[in-house]
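The values are calculated or read from the model by the stated rules, or taken from the named source; none is laboratory data. Quantities reported herein were computed from a predicted structural model and do not represent experimental measurements. Neighbour counts are summed over all protein chains in view; Cβ atoms, including those assigned to glycine, are modelled from backbone coordinates with ideal geometry. Surface accessibility is based on the protein's heavy atoms, side chains included, excluding ligands, DNA and RNA. Shrake-Rupley method; radii C 1.70, N 1.55, O 1.52, S 1.80 Å.
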Amino acid sequence: MTTNIGILTAGGDSPGLNAAIRGVGKAAIGEYDMHVVGFQNGFRGLVQNRHRALDSKALSGILTLGGTILGTSRDKPHKMQIGDRQLDMTDAIVETYERHHLNALVCLGGGGTQKNAYRLSQKGLNVITLPKTIDNDVAMTDVTFGFDTALGIATDAIDRLHSTAHSHHRIIVCEIMGHHVGWLALGAGLAGGADVILLPEIPYDVDRVAEAIRARVRSGKRFSIVAIAEGALSKDDAPRLKAARAAKSNASSKEEKATAKAALAELERSLKGNTLRLSQQLEEMTGLESRITILGHVQRGGTPSAADRLLATRLGTACAGFINAGEYGVMVSVQGDNVVPVALDAVAGKTKYVPVDHDWVKSARLVGTCLGD
Ligand code: F6P
């Protein structure tokens, strides 16, 4: 009997998704004689039964393409916006799974997708996932595909900012994506030789940052590049955010929950202006002109790097092998030189932060980079 597998891509897109779809599909069809169907726009495609065949022809010519040929969304199966209501659509997903006689569902995504996939596996579906995200924050894998490409783009941006900052004797504060973790800002900051690197994992003191820039001026360097992760927080804001998050998770009554949720949302909204605020503070505190550059979605777009194509192809082809062996409820991860399946319950709901004693952090300090602490 033919094995039927469904594939979807969920969460923010990331370079390497098409390479992964191709890796899973080509190995599944060519090596194991499976039948492959793609569901469109993440978990919503499963709810709506929107699908397309992923045969050899559809899988051809997509290795180098950015984005995802399947489309994506941030929809959650158990809390999906349908019209003006949020509904649990898990049963509709199970129905589509059964209608297609699927033997396995492959979900390609980041932290949120791992959580959603785990919930579906608890409902009895044979789920297997691959870790993708430019943030590199998925637990239990050394790396995620998409990260290397984004790292290259952000590093290139820092390189380019150097010459203009140098010519104008300015500070340039460059905001780098990464959600609540600092892998991308740290990696690009280190590779691009940023003078200051600010991460969510190390709350910063603006006085320290200003002093590091003034020290550079005293030594004849009249420009500075500050690489700041989008989730970086000052020493004052970090405890406020921590308290607001705790208040939300500890709230017991419905009213308390709603109040805490609104307070957290308000605080998060105000923190979005962090990069601009820091730039203005540094201008006042150093007397140098300061500019900001927010790299944004340019870091997620375009063709995947060679390393991401390789990684996505390795993980995708290994995934087909795990399906053939009947290994479900797992994420296909990289650990050292190996590709290994790890149980989804060890991944779901976890975040891989930058350890504050990580080698990259140590190296940054040793080359004299200010980390704001
Ligand atoms: O998770 C990838 C990511 O690019 C994060 O770095 C960023 O915080 C978020 O997605 C942006 O999401 P969206 O594309 O939905 O605005």
| query | chymotrypsin sites (Phe, Trp or Tyr not before Pro) within the range 300-373: which are DSSP loop residues with at most 16 other Cβ atoms inside 10 Å? | reply | 353
| said: So if each residue of separation counts as 0.36 nm, and I subtract the Cα-Cα distance between residue 250 and residue 49, what length gain in nm does that give? | reply: 68.6 nm
| Of 294, 134, 153, which has the largest mean-square fluctuation in a 10 Å C-alpha GNM of the chain? | 294
| message | Please report the accessible area of residue 327 (heavy atoms, 1.4 Å probe, ligands and nucleic acids excluded) in Å², nearest 10. | response | 70
| So what is the relative contact order for the chain, in percent, with contacts set as C-alpha pairs under 8 Å and at least six apart? | 24
| remark: The size of the Cβ-based charge dipole (Lys, Arg +1; Asp, Glu -1) of the range 150-300 about the Cα centre, to the nearest 20 debye, is 80
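If packing is taken as the average number of other Cβ atoms within 10 Å across a peptide's residues, how do 111-118, 269-276, 47-54 rank, most packed first?
So the order, starting with the most tightly packed, is 111-118, 47-54, 269-276.
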| query | Any idea of the accessible area per residue across the range 150-300, 1.4 Å probe, to the nearest Å²? | reply | 48
| field | Cβ-based net charge around residue 350, under 14 Å, with every Lys or Arg adding one and every Asp or Glu removing one | value | -1
| message | So, taking all protein chains as they sit and a 1.4 Å probe, how much accessible area belongs to residue 309, in Å² rounded to tens? | response | 70
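How large, in percent, is the carbon and sulfur part of the accessible surface of the chain at a probe radius of 1.4 Å?
50
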| message | Running a GNM on the chain with Cα contacts under 10 Å, which residue among 290, 363, 333 ends up with the highest mean-square fluctuation? | response | 363
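Filter the DSSP H helices in the chain by two things, a Kyte-Doolittle mean of at least -0.5 and an axial alpha-carbon span of 20 angstrom or more, and list the hits by number.
Long hydrophobic helices here: 147-168, 306-324.
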| message | Between residue 57 and residue 207, what's the calculated FRET efficiency when r is the beta-carbon distance and R0 is 45 Å? Round to 0.05. | response | 0.15
| field | Area of residue 366 that stays accessible when all protein chains are in place (1.4 Å probe, Å², to 10) | value | 150
| task | Could you please report the charge total around residue 21, scoring K, R as +1 and D, E as -1 over all other residues with beta-carbon less than 15 angstrom from its beta-carbon? | result | +4
| message | So if each residue of separation counts as 0.36 nm, and I subtract the Cα-Cα distance between residue 277 and residue 32, what length gain in nm does that give? | response | 82.6 nm
| Cβ-defined net charge surrounding residue 316, 13 Å radius [Lys, Arg +1; Asp, Glu -1] | +3
